[in-house]
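Input: a single structure, listed below in structure tokens.
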Amino acid sequence: MTAPTTEGDRMPPVGPVTVAASSLLRWGAGADDFSEIHHDDAAARARGLEGAVVHGPLQVAVLVEQLRRWLGRPARITDVEATYLAPAPVGEPLVFDGEVVEVVPGEAGDEVLGCELRSRRPDGRTTVRVLARARTGPAGPGSALPVEQLRRALRLGEVAGTFRYQVQENDLEHFARAHEREPDPSGRVPATYFGALDPVERRDLHLDGFLLELPFPRTGGGNAFNEVEYVRPLQVGDEITVTTRYTEVYEKQGSSGTLLFRVRENEMTDASGAVVATSRCGHVLGFAVPASGTSEVAGR
Amino acid sequence: MSAGSLPAPGSALPSRVRFTTRTQLVRYAGAAQDPSPIHFDDAYARERGFPSVIVHGFLKAGLLEELALTWAPAGSWLQQFSVRYRGIDLVGAPLLCQGLVTDVSDDGVVGLELWIEDEAGHRTTDARAQLRWEGRAA
């Protein structure tokens, strides 16, 4: 199937197809929508419907997935707006179709496609209408890395996770032995121990694992920097609550390819709630991303 | 240097050469709960383009902290520490740990520049620290 380029190009229709009861059940479970109007005719009738109806968002999902497949890569859907126009009775077949209604140039030299998609009942009435916008070019200026997806995954600027760790004597012994020295007999914890209390280092917080599945060869990676500031030294016996926030996600072009940085900040509080330390850590992954011919990626 | 007397800006810390071992890296991975195989699995490290496993950045930072703490009077501690990793170090390679006093405040905070050089003289690890000096005259 060829990707659409001009106004009036029609998305290959799907259907008529009857949405199976099991699909409705799975959708309800997945979306946590157990409204009786989707599985109980009597309840639906009590609400003024003729019988149980198919979830509207399920129809949207079918249409958007159909559009995604039709557009293919590297196109991507950027906006979806759905209007629910009529109930779709459970057990009645639906037809899903749509077409390109507008093509305008995008600022990155690609095109922005406006698409209108519909699901329709056998009597021809439209039950759900979707207006979708899609870009035909890859994401971001000059890069195919999913930076926006990453920002969302890391909950940039928000609390990404809160973890509690005990600083135990034997942990400190192991830590000191790894440096080939004896632990401080006073129970004072070395400054770099904050690395052992970092939920990301420990993989207790692991929100960006999908980066390792990207279809680009990796050229390197690791910690770029670690910073810490203490109000007081950590002590054996401390019970530390670590709150992690990602504060920056940015790209740079380096000699070894496109470098993707993620910067996180940890706040460490003790059992009394007092802040003991704050840390800032940057991790980088390098990717060999083919040049797209557009302008260079902005730095930090 | 006698405990209590603050060091002079510009003075150097006694440098040390450290050699890491595989056992040490495994110990560190366990102690810090760092599961990354690049530090203990040679086959994985080769896949990533390194001839052998590489030293944890945090472990190198720990060696620099140790350089400062063994030089300063007992009870001193780092209240601020920031480390930049400029290059990797392979397990077993000599790590030349060095340091310099950059500034000293009246209230006993000693600014330090700390770094690790590899065999070729490249700085692989750069650090800045604020050391709270113990034993100064009250």
Review point. If we keep just the residues of the stretch B:22-39 that are of a type outside the set (A, V, I, L, M) and within 16 Å of residue A:221 (Cα to Cα), which is modelled with the lowest pLDDT?
Key: B:35
Review point. Does residue B:92 satisfy the criteria of being assigned to a strand (DSSP E or B), within 23 Å of residue A:176 (Cβ to Cβ) and more than 12 Å from every other protein chain (Cβ to nearest Cβ)?
Key: no
Exercise for review: Using the structure shown, decide if residue B:111 is of a type outside the set (Ser, Thr, Tyr) and on the phi > 0 side of the Ramachandran plot.
Suggested key: no
Practice item. Answer yes or no as to whether residue B:59 is crowded, with 19+ Cβ neighbours inside 10 Å and within 12 Å of residue A:191 (Cβ to Cβ). Key: no
Exercise for review: Kindly establish whether residue A:63 is in a helix (DSSP H, G or I) and either modelled with pLDDT under 90 or in contact with a Leu (Cβ under 6 Å, 6 or more places away or on another chain) (or both).
Suggested key: yes
Check your understanding: Looking only at the stretch A:210-239, which residues are assigned to a strand (DSSP E or B) and more than 14 Å from chain B (Cβ to nearest Cβ)?
Key -> A:239
Practice item. Sort out which residues of the stretch A:168-198 are assigned to a loop (DSSP other than H, G, I, E, B) and either surrounded by 20 or more Cβ atoms within 10 Å (Cβ to Cβ) or not assigned by TED's automatic domain parsing to the domain that holds residue A:244 (or both), and write them in order of number. Key: A:179, A:183, A:189, A:190, A:198
Review point. Which of the following residues is closer than 20 Å to residue A:224 by Cβ, within 14 Å of chain A (Cβ to nearest Cβ) and polar (S, T, N, Q): B:24, B:80?
Key: B:80
Check your understanding: For the stretch A:1-51, which residues satisfy the criterion of being hydroxyl-bearing (Ser, Thr, Tyr), in contact (Cβ under 8 Å) with a residue 24 or more places away in the chain and exposed (fewer than 12 other Cβ atoms within 10 Å of the Cβ)?
Key -> A:5, A:6
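The values are calculated or read from the model by the stated rules, or taken from the named source; none is laboratory data. What you are looking at is a predicted structure, and each value in this text was computed from that prediction instead of being measured. In this analysis, Cβ positions are derived from the backbone assuming ideal geometry, glycine residues included, and neighbour counts consider all displayed protein chains.
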